[in-house]
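Undergrad: Have a look at this one before I ask anything.
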Amino acid sequence: MAALVPFDDRDGWIWMDGKLIPWRESKVHILTHALHYASCVFEGERVYGGRVFKLTEHSARLQRSAELLGFKLPYSVEEIDRATNEVVKANGIQDGYVRPLAWRGSEMMGVSAQATRIHVAIATWVWPSYFTPEAKMKGLRLQISEWARPAPNTAPTASKAAGLYMICTLSKHKAEAEGFDDALMLDWRGQVAEATGANIFFVKDGELHTPTPDCFLDGITRQTVIGLAKARQIKVNERAIRPEEMAGFQECFLCGTAAEVTPVSQIGPYRFTPGAICRQMIDDFDRETRKGG
Ligand SMILES: Cc1ncc(COP(=O)(O)O)c(C=O)c1O
């Protein structure tokens with residue numbers, strides 16, 4: 001295996017607190033509130049042909065995520081958009097990933113952190129789509145996680161908050177250790193929720209079925225896919241889905257900024273055969289991301 005190049009030891013520029021700084025100099029102190037208390041929100045965005053897909057939607061979600069954690073970003077959505085474009089251009093990224101984040105700083109170290117400074121940084125790196133549609137059609141194999149997406153009155157579930165990913169990492173590590181690609185998470189009621197970093201759709205008799213996002217992220221890709229399906233007159237049923245229902249679904253796919261549209265062939269004991277609707281959604285999403293403008 002090729003040696004990994006650590007993320008803190010690369011060339012390039014990172015936008016941090018209002019300006020571009022050399023990549024290796026974008027540091028935080030060990031006594032940073034976010035590191036101890038998960039007071040951090042982030043985004044994941046993708047660059048296609050030099051342009052960030054759905055940039056303003058992502059910048060607006062970063063702002064909303066912060067508000068849900070009780071802090072206000074010191075920049076407007078428009079300023080974050082501008083900073084993102086600046087850092088993408090400075091690094092010469094054509095096909096890549098963008099990681100904006102916002103966090104509480106070091107002024108206070110305790111549960112109460114009202115007076116901490118809010119920091120914002122945006123990093124970006126090259127990340128082309130590795131898999132051809134044909135390779136994707138093989139489908140991912142998912143394990144069903146023992147961790148549940150929490151109820152909305154136990155965590156700020158509509159926020160893309162760092163702390164909510166703790167159980168995603170645990171779920172994905174276990175799945176990988178046991179030979180699976182990813183894990184499906186049920187929610188606190190035992191209903192189908194999402195994968196560890198992507199939303200989920202099923203196909204039955206030519207219609208799409210997807211869980212109502214009432215305790216997990218209503219992904220920007222998810223919303224795009226719903227729009228693309230409706231444009232093709234494919235009915236989309238957003239509803240509560242019980243795990244046993246998976247026995248009656250014919251196709252299944254994940255969608256998210258990183259996953260794009262990726263078919264699934266297995267979830268625990270349930271099998272799916274990626275088919276015409278998976279392929280249609282992969283192609284439509286691909287066209288949408290490369291449209292420009
Ligand atoms: C847990 C989780 N659910 C869903 C999504 C999909 O969101 P989006 O399509 O906005 O990237 C993501 C991020 O990609 C995620 O991390």
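The values are calculated or read from the model by the stated rules, or taken from the named source; none is laboratory data. Keep in mind that this is a model prediction, so the values were computed, not measured. Every residue, glycine among them, receives a Cβ derived from its backbone with ideal geometry; neighbour counts consider all protein chains shown. Note: accessible area is taken over every heavy atom of the protein model, side chains too, but ligands, DNA and RNA are not part of it. Shrake-Rupley method; radii C 1.70, N 1.55, O 1.52, S 1.80 Å.
Undergrad: Of the residues GLU25, GLU57, GLU79, GLU67, which single one is of a type in the set (Asp, Glu) and within 19 Å of ALA113 (Cα to Cα)? So that I can check it myself, show each step before the final result.
TA: Details: GLU25 fails: within 19 Å of ALA113 (Cα to Cα); GLU57 fails: within 19 Å of ALA113 (Cα to Cα); GLU79 fails: within 19 Å of ALA113 (Cα to Cα).
Testing whether each residue is of a type in the set (Asp, Glu) and within 19 Å of ALA113 (Cα to Cα) leaves just GLU67.
Undergrad: Please state which of the following conditions THR56 fails to meet, knowing it meets all the rest: (1) touching a helix residue (DSSP H, G or I) at 6+ places or on another chain (Cβ under 7 Å); (2) in a strand (DSSP E or B).
TA: Answer for THR56: the failing condition is (2).
Undergrad: Taking the stretch 88-132 on its own, how many of its residues are within 20 Å of the chain's Cα centre (by Cα) and either under 13 Å from GLY18 (Cβ atoms) or open to solvent by less than 60 Å² (accessible area, probe 1.4 Å) (or both)?
TA: Within the stretch 88-132, residues that are within 20 Å of the chain's Cα centre (by Cα) and either under 13 Å from GLY18 (Cβ atoms) or open to solvent by less than 60 Å² (accessible area, probe 1.4 Å) (or both) number 18.
Undergrad: Also, I was wondering about something else. Is one or more of the residues making up the stretch 50-64 farther than 22 Å from ALA198 by Cα and more than 14 Å from the ligand (Cβ to nearest atom)? I'd like the intermediate steps shown before the answer.
TA: Step one: list which residues in the stretch 50-64 are farther than 22 Å from ALA198 by Cα, which gives 50.
Subsequent filtering for residues that are more than 14 Å from the ligand (Cβ to nearest atom) retains 50.
Checked the stretch 50-64: at least one residue is farther than 22 Å from ALA198 by Cα and more than 14 Å from the ligand (Cβ to nearest atom).
Undergrad: Now a separate question. Select from the stretch 73-87 the residues that are of a type outside the set (Ser, Thr, Tyr) and outside any helix (DSSP H, G or I) and write down the one among them that is surrounded by the most Cβ atoms within 10 Å (Cβ to Cβ).
TA: So the residue we want is LEU73.
Undergrad: Then there's this: Just the residues that are part of a loop (DSSP other than H, G, I, E, B), farther than 13 Å from GLY70 by Cβ and touching a residue at least 40 places away in the same chain (Cβ under 8 Å), please, taken from the stretch 108-127. It would help to see each step written out before you state the result.
TA: Restricting attention to the stretch 108-127, the residues satisfying the condition of being part of a loop (DSSP other than H, G, I, E, B) are 108-117, 127.
Now narrow it down to the ones that are farther than 13 Å from GLY70 by Cβ: 108-110, 117, 127.
MET108, MET109, TRP127 - these are the residues of the stretch 108-127 that are part of a loop (DSSP other than H, G, I, E, B), farther than 13 Å from GLY70 by Cβ and touching a residue at least 40 places away in the same chain (Cβ under 8 Å).
Undergrad: Output the number of residues of the stretch 146-172 satisfying the condition of being outside any loop (DSSP other than H, G, I, E, B) and either within 19 Å of LEU69 (Cβ to Cβ) or within 15 Å of the ligand (Cβ to nearest atom) (or both).
TA: 15
Undergrad: Could you please let me know if THR262 is in the same structural domain as THR154 (by TED's automatic domain parsing), crowded, with 20+ Cβ neighbours inside 10 Å, of a type in the set (Ser, Thr, Tyr) and within 22 Å of ALA151 (Cα to Cα)?
TA: Working: in the same structural domain as THR154 (by TED's automatic domain parsing): yes; crowded, with 20+ Cβ neighbours inside 10 Å: yes; of a type in the set (Ser, Thr, Tyr): yes; within 22 Å of ALA151 (Cα to Cα): no.
For THR262, the condition - in the same structural domain as THR154 (by TED's automatic domain parsing), crowded, with 20+ Cβ neighbours inside 10 Å, of a type in the set (Ser, Thr, Tyr) and within 22 Å of ALA151 (Cα to Cα) - is not met.
Undergrad: Now, a different point. For the stretch 1-48, please list each of the strands (runs of 3 or more DSSP E) lying entirely inside it that holds at least 2 residues being loosely packed, with under 12 Cβ neighbours inside 10 Å and not assigned by TED's automatic domain parsing to the domain that holds MET166.
TA: Working: elements: 13-16, 19-22, 40-42, 45-48.
In the stretch 1-48, 19-22 are the strands (runs of 3 or more DSSP E) which contain 2 or more residues that are loosely packed, with under 12 Cβ neighbours inside 10 Å and not assigned by TED's automatic domain parsing to the domain that holds MET166.
Undergrad: Mind listing just one residue for me: the one in the stretch 235-253 that is hydrophobic (A, V, I, L, M, F, W, C) and under 22 Å from the mean Cα position of the chain (by Cα) and, of those, nearest to the ligand (Cβ to nearest atom)?
TA: Step by step, filter the stretch 235-253, then rank; the result is PHE253.
Undergrad: Continuing with this model, one more query. If a residue counts only when it is within 15 Å of the ligand (Cβ to nearest atom) and touching a strand residue (DSSP E or B) at 6+ places or on another chain (Cβ under 9 Å), which strands (runs of 3 or more DSSP E) contained entirely in the stretch 184-234 have at least 3 such residues? Before the answer, list the steps.
TA: Details: elements: 192-195, 199-204, 207-211.
It comes to 192-195, 199-204.
Undergrad: A further question on this structure: In the stretch 237-255, which residues are surrounded by fewer than 22 Cβ atoms within 10 Å (Cβ to Cβ) and within 14 Å of CYS278 (Cα to Cα)?
TA: Hits for the stretch 237-255 are PHE249, GLN250.
Undergrad: Would you be able to tell me the number of residues in the stretch 183-206 that are more than 23 Å from ASN237 (Cβ to Cβ) and either among the hydroxyl-bearing types (Ser, Thr, Tyr) or surrounded by 21 or more Cβ atoms within 10 Å (Cβ to Cβ) (or both)?
TA: 2
Undergrad: Can you spot a residue in the stretch 146-163 that is touching a residue at least 24 places away in the same chain (Cβ under 8 Å), open to solvent by 20 Å² or more (accessible area, probe 1.4 Å), within 22 Å of VAL47 (Cα to Cα) and of a type in the set (Lys, Arg)?
TA: Within the stretch 146-163, one or more residues are touching a residue at least 24 places away in the same chain (Cβ under 8 Å), open to solvent by 20 Å² or more (accessible area, probe 1.4 Å), within 22 Å of VAL47 (Cα to Cα) and of a type in the set (Lys, Arg).
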